[in-house]
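Peer 1: This is the structure, below, for whatever I ask next.
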Amino acid sequence: MSEPAILVLADGSIFRGTSIGAAGHTIGEVVFNTSMTGYQEILTDPSYFKQIVTLTYPHIGNTGTNSEDLESNGVYAAGLIIRDLPMIHSNFRANQSLSDYLKDNNVVAIADIDTRRLTRLLRDKGAMAGCIMSGEVDEQKALELALSFGSMAGKDLAREVTAQQSYRWTQGEWVLGKGYAKQQNASFNVVAYDFGVKHNILRMLAERGCKLTVVPAKTSAAEVLALNPDGIFLSNGPGDPEPCDYAISAIQTLLATKKPIFGICLGHQLLGLASGGKTKKMAFGHHGANHPVQDLDTQKVMITSQNHGFEVDEHSLPANVRVTHRSLFDNSVQGIELTDQPAFSFQGHPEASPGPHDVAYLFDKFIDAMKQTKA
């Protein structure tokens, strides 16, 4: 017996559908993601904390869920919105249906709504707060809850999703039939800031010989330098980068040491801020696994995975910061590099492999920078 569910947006728009997850309600910023696959990675990406994800591809759940395709230790997305949930799932790696996975992880989700109408609304008006309510539904109450969320602007969420204490990471990349590799050799001592880090980023660094120490978001530069790192990694994460003053201050101190620094997603935005630039909120952000980005040095176009609602303001960047990558959707900044030291960053997710390996060379660039610095 299917339970009714509703989605109510802060502008009063109402969508009526069916509950496919936990009973109750959830609130967050409603965004749309154009990926055709990868719903399990999306749900477990800490960058989606406090966001309700609309998947524009109509059929979601075909391949079920498994215990390996996780980007963190749990589900971080505030909720899920889809058009159609297949009656059966089929994949040799699956051990659970999407609906059961959502219920087990207490995720409120809705299906059987017009996601095309919802996506057009978000494109026209921008990402906005919303509430999904399942079971006993109350449209007026749902609207009040949606309005109570406010805006993502000004929200420092990195401190809410970060690790509570430092830890070592030794897991390598996944291989079909073998699972995740165990790190064998480590040549570079790397400290990785956890602002909401995805596990596959850590796997790709470990695979390339990085002895990884993952530290909480508010770790001081002095504590990081006490570990004598060959390089520093700035992770992805949710929310607005500007309120993360603790991170910006630490990065500024670390930049003064001239040690190699590599940032992804929120880490990219924080590097931009620490270098003297500014960030701004986008209308509806970039969320998907099919975004074309051009490397301005090689002129190559890559297919990238994206998940961000803020961007580095190109016009605010100082003279020693150059733009290295640009989105071919809207010309927004996708990569920066300091001209006077080995520090660079990328807005998209090179570890998500939509191309499938178009952007993996950025990890190699970080390794090369540490090799040169050590030499």
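The values are calculated or read from the model by the stated rules, or taken from the named source; none is laboratory data. Since the model is a prediction, treat every value here as computed from it, not as a measurement. When we count neighbours, we look across all protein chains shown, and the Cβ atoms used for this are built from the backbone with ideal geometry, even at glycine. Heavy atoms of the whole protein, side chains included, go into the accessibility calculation; ligands, DNA and RNA do not. Shrake-Rupley method; radii C 1.70, N 1.55, O 1.52, S 1.80 Å.
Peer 1: What's the total number of residues in region 45-64 that are of a type in the set (F, W, Y) and surrounded by fewer than 24 Cβ atoms within 10 Å (Cβ to Cβ)?
Peer 2: Within region 45-64, the first condition is being of a type in the set (F, W, Y), and the residues that meet it are 48-49, 57.
Now drop any that are not surrounded by fewer than 24 Cβ atoms within 10 Å (Cβ to Cβ), which leaves 49, 57.
Of the residues in that region, 2 qualify.
Peer 1: Something else about it: Would you mind telling me which numbered condition in (1) open to solvent by less than 90 Å² (accessible area, probe 1.4 Å); (2) assigned to a helix (DSSP H, G or I); (3) within 30 Å of D245 (Cβ to Cβ); (4) among the acidic types (D, E) D100 fails?
Peer 2: All conditions pass for D100, except number (3).
Peer 1: In addition: Of the residues I42, I6, which single one is surrounded by 16 or more Cβ atoms within 10 Å (Cβ to Cβ) and farther than 24 Å from R203 by Cα?
Peer 2: Within the list I42, I6, the selection yields I6.
Peer 1: May I ask you to verify whether I81 is more than 21 Å from H199 (Cα to Cα) and among the aliphatic types (A, V, I, L, M)?
Peer 2: yes
Peer 1: For region 312-372, list the strands (runs of 3 or more DSSP E) that sit wholly inside it and hold at least 3 residues that are without any contact (Cβ under 8 Å) to a residue 40 or more places away in the chain; which are they? Reasoning before the result, please.
Peer 2: Numbers: elements: 321-327, 333-338, 343-346.
The qualifying strands (runs of 3 or more DSSP E) are 321-327.
Peer 1: While we're looking at this one, here's another question. Among the numbered criteria (1) farther than 24 Å from L362 by Cα; (2) in contact with a Cys (Cβ under 6 Å, 6 or more places away or on another chain), which one does D138 miss?
Peer 2: The number of the failed condition is (2).
Peer 1: For region 144-172, enumerate the residues that are outside any loop (DSSP other than H, G, I, E, B), hydrophobic (A, V, I, L, M, F, W, C) and open to solvent by 40 Å² or more (accessible area, probe 1.4 Å).
Peer 2: Listed by number, the list holds a single entry, L147.
Peer 1: Which residues, taken from region 280-289, are touching a strand residue (DSSP E or B) at 6+ places or on another chain (Cβ under 6 Å) and either buried (at least 21 other Cβ atoms within 10 Å of the Cβ) or over 20 Å from D245 (Cα atoms) (or both)?
Peer 2: M282, G285, H286, H287, G288, A289
Peer 1: How about region 9-39: which of its residues are closer than 17 Å to G309 by Cα, open to solvent by less than 30 Å² (accessible area, probe 1.4 Å) and among the polar types (S, T, N, Q)?
Peer 2: Result: N33, S35.
Peer 1: Okay, next question. Scan S67, S90 and give me the residue that is open to solvent by 20 Å² or more (accessible area, probe 1.4 Å), free of Cβ contacts under 8 Å to residues at least 60 places away in the same chain and within 23 Å of H199 (Cα to Cα).
Peer 2: S67
Peer 1: Kindly evaluate L118 against the criterion of being buried (at least 22 other Cβ atoms within 10 Å of the Cβ), within 18 Å of A5 (Cβ to Cβ), at pLDDT 95 or above and out of contact with any helix residue (DSSP H, G or I) (no Cβ under 6 Å at 6 or more places or on another chain).
Peer 2: Considered against the rule, which asks whether it is buried (at least 22 other Cβ atoms within 10 Å of the Cβ), within 18 Å of A5 (Cβ to Cβ), at pLDDT 95 or above and out of contact with any helix residue (DSSP H, G or I) (no Cβ under 6 Å at 6 or more places or on another chain), L118 comes out as no.
Peer 1: Going by the structure shown, is F188 closer than 21 Å to H268 by Cβ, over 20 Å from the mean Cα position of the chain (by Cα), surrounded by 16 or more Cβ atoms within 10 Å (Cβ to Cβ) and of a type in the set (F, W, Y)? Full working, then the answer.
Peer 2: Details: closer than 21 Å to H268 by Cβ: yes; over 20 Å from the mean Cα position of the chain (by Cα): yes; surrounded by 16 or more Cβ atoms within 10 Å (Cβ to Cβ): yes; of a type in the set (F, W, Y): yes.
The answer is yes for F188.
Peer 1: Can you name the condition, by its number, that G196 falls short on among (1) in contact with a Gly (Cβ under 7 Å, 6 or more places away or on another chain); (2) crowded, with 19+ Cβ neighbours inside 10 Å; (3) outside any loop (DSSP other than H, G, I, E, B)?
Peer 2: The failed condition is (3).
Peer 1: Another question, then. Determine whether I201 is buried (at least 21 other Cβ atoms within 10 Å of the Cβ) and more than 22 Å from V31 (Cα to Cα).
Peer 2: So I201 fits the description; yes.
Peer 1: Continuing with this model, one more query. Which one is nearest to the chain's Cα centre (by Cα), of the residues in region 220-250 that are among the polar types (S, T, N, Q) and crowded, with 21+ Cβ neighbours inside 10 Å? Lay out the reasoning, then the answer.
Peer 2: As a first pass, look at region 220-250 and keep what is among the polar types (S, T, N, Q): 220, 228, 235-236, 249.
Now restrict to residues that are crowded, with 21+ Cβ neighbours inside 10 Å: 235-236.
Values: S235: 9, N236: 6 Å.
Per the criteria, the residue is N236.
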